[in-house]
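Asker: Structure incoming, see below.
The values are calculated or read from the model by the stated rules, or taken from the named source; none is laboratory data. Keep in mind it's a predicted model, so treat the numbers as computed, not measured. As a convention, Cβ positions derive from the backbone with ideal geometry for all residues, glycine included, and neighbour counts pool all protein chains shown. Note: accessible area is taken over every heavy atom of the protein model, side chains too, but ligands, DNA and RNA are not part of it. Shrake-Rupley method; radii C 1.70, N 1.55, O 1.52, S 1.80 Å.
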Amino acid sequence: MTQNDNHITPSAVPRHVAVIMDGNGRWARGQGEERLFGHRHGVDAVREVVRTAAEAGIEYLTVYAFSTENWGRPTEEVDGIMTLIAGAILSELDTLTEAGIRMRFIGDLTSLPTALQESIRTAEAVVIPGDRLRMTLVVALNYSARWEIAEAMRRIGSRIQDGTLSPNDITQETISEHLTTRGMPDPELLIRTSGEQRLSNFLLWQLSYTELYFTETLWPEFGREGFLAALREYARRERRFGRL
Ligand code: IPE
Ligand code: IPE
Ligand code: MG
């Protein structure tokens, strides 16, 4: 790789990148290891991608860590993932904070194990002053887009019921503001690793006009190079939004 390959034009850097981190299990199998081995290496890949994204000037990085559908996996794997994430949040917290990266969590957090909820509370309590804030790392945990949309409908419904909102005043912005990603720009780029080409219930509303990037690379091997390749591809895309 030449120096030039690494160069990203600042104007072509997305503000918000969403990532479906997929392929940990297949990567582990390829190494002759258990699936959890893959998830552990997956955490190393997250660390590298987070650092790269912050360096590239990305403001929001949203990573899909556990879907509502993932509860359907064997208990041992689910428990292993929960313990791994709870530990990683705490062990990375100081480094992230020093780098000006704050953590936010989206999804139905109330049904996560207590230890994980504690880690989340600790991470979200960290305050980074505005002038030091470099990036927001959004972790989607027990997340599903249809759950999120149903939740938004419930909130909008109760505002109509208590008279603070009229049905005629519901706009696209009203819906956006009731989603878990309120206040964030929609992702300009979605990355999915491992060769699967589907959304798996991720950010359905927010991805309406997002550029999609699929790669065969398995998540534990994606890292800095994989992420920079995705940014370069994004910089080459022409976004038209229905116009000419
Ligand atoms: C992604 O890797 C991580 C989670 C969904 C938690 P997978 O565990 O889905 O890995 P594959 O797709 O089985 O290889
Ligand atoms: C999507 O990956 C969810 C996460 C990456 C957390 P999956 O591996 O669960 O998705 P499917 O089952 O292949 O659609
Ligand atoms: Mg998978």
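Asker: If you count only protein heavy atoms and use a 1.4 Å probe, how large is the accessible surface of ARG51, to the nearest 10 Å²?
Answerer: Surface accessible to solvent at ARG51 totals approximately 130 Å².
Asker: Leaving out ligands, DNA and RNA, what percent of the accessible area of the range 95-217 is carbon and sulfur, probe 1.4 Å?
Answerer: Values: 3130 of 6370 Å².
It is 49 percent, rounded to a whole number.
Asker: Could you give the accessible area per residue of the chain, probe 1.4 Å, as a whole number in Å²? Could the numbers behind the result be given before it?
Answerer: Values: 12840 Å² over 244 residues.
Averaged over the residues of the chain, the accessible area is 53 Å².
Asker: For the chain, with the dipole built from +1 on Lys and Arg beta-carbon atoms and -1 on Asp and Glu ones, taken about the Cα centre, which of THR75, SER119, ALA229 lies farthest toward the positive end?
Answerer: The listed residue farthest towards the positive side: ALA229.
Asker: Using the Cα centre as the reference, give the magnitude of the dipole from point charges on the C-beta atoms of the range 187-228 (Lys, Arg: +1; Asp, Glu: -1; all else neutral), rounded to the nearest 20 debye. The partial results should precede the final answer.
Answerer: Details: 3 positive and 6 negative charges, 26 e Å.
Magnitude of the dipole: close to 120 debye.
Asker: Please compute, for the alpha-carbon atoms of the range 3-122, the extent along each of the three principal axes and give them in descending order in Å.
Answerer: Principal-axis extents of the Cα atoms in the range 3-122, largest first: 45, 36, 24 Å.
Asker: About the Cα centre, and with charges only on the beta carbon of Lys, Arg (+1) and Asp, Glu (-1), how big is the dipole of the chain? Nearest 20 debye, please.
Answerer: On the way: 27 positive and 34 negative charges, 104 e Å.
Dipole of the chain, to the nearest 20 debye: 500 debye.
Asker: Right, something else. Sorting TRP147, TRP27 by accessible area (1.4 Å probe), largest first, what list results? Don't skip to the end; give the middle numbers.
Answerer: Working: TRP147 55, TRP27 30 Å².
Largest accessible area first, the residues go TRP147, TRP27.
Asker: Taking every pair of distinct Cα atoms and averaging 1/r, then inverting, what Kirkwood hydrodynamic radius in Å comes out for the range 24-80?
Answerer: Final number for the Kirkwood radius of the range 24-80 is 12.8 Å.
Asker: Rank PHE241, PHE202 by accessible area, highest first, at a 1.4 Å probe radius?
Answerer: Values: PHE241 90, PHE202 0 Å².
My answer, sorted largest first, is PHE241, PHE202.
Asker: Right, here's the next one. Report the local net charge at ARG192: Lys and Arg +1, Asp and Glu -1, summed over other residues whose C-beta lies under 11 Å from its C-beta.
Answerer: Working: positive: ARG198; negative: ASP22, GLU196, GLU216.
For residues surrounding ARG192, the net value is -2.
Asker: Let me ask something else about it. Looking at the chain, identify the longest residue range that excludes and avoids all GluC sites (Glu not before Pro) in DSSP loops having at most 14 other Cβ atoms within 10 Å. Intermediate values should be presented prior to the final figure.
Answerer: Details: sites that count: GLU33, GLU196, GLU216, GLU238.
In the chain, the maximal stretch lacking such sites is 34-195.
Asker: Within 10 Å of each candidate Cβ there may be at most 16 other Cβ atoms; applying that plus a DSSP loop requirement, which trypsin sites (Lys or Arg not before Pro) in the range 207-244 survive?
Answerer: On the way: sites: ARG224, ARG232, ARG236, ARG237, ARG239, ARG240, ARG243; in loops: ARG237, ARG239, ARG240, ARG243.
Here the sparse-neighbourhood loop sites are ARG237, ARG239, ARG240, ARG243.
Asker: Continuing with this model, one more query. For the charge dipole of the chain, defined by +1 on Lys and Arg C-beta atoms and -1 on Asp and Glu C-beta atoms about the Cα centroid, which residue among TRP27, LEU165, LEU203 has the Cα displaced farthest towards the positive pole?
Answerer: Most positive-ward Cα: LEU165.
Asker: With unit charges on the beta carbons (Lys and Arg positive, Asp and Glu negative) and the dipole taken about the Cα centre of the chain, which residue among PHE214, GLY38, SER91 sits farthest to the positive side?
Answerer: PHE214
Asker: Working only with C-alpha atoms, what are the Rg and Dmax values of the chain, expressed in angstrom?
Answerer: Final numbers for Rg and Dmax: 18.4, 61 Å.
Asker: May I ask you to evaluate 6.51 cos²θ - 1.76 cosθ + 1.60, the Karplus curve with θ = phi - 60°, for each residue of the range 97-113 and list the ³J(HN,Hα) values in order in whole Hz, giving x for glycine and proline?
Answerer: My calculation for the range 97-113 gives 4, 4, 7, x, 10, 9, 10, 10, 10, 10, x, 7, 6, 5, 9, 7, x Hz in order.
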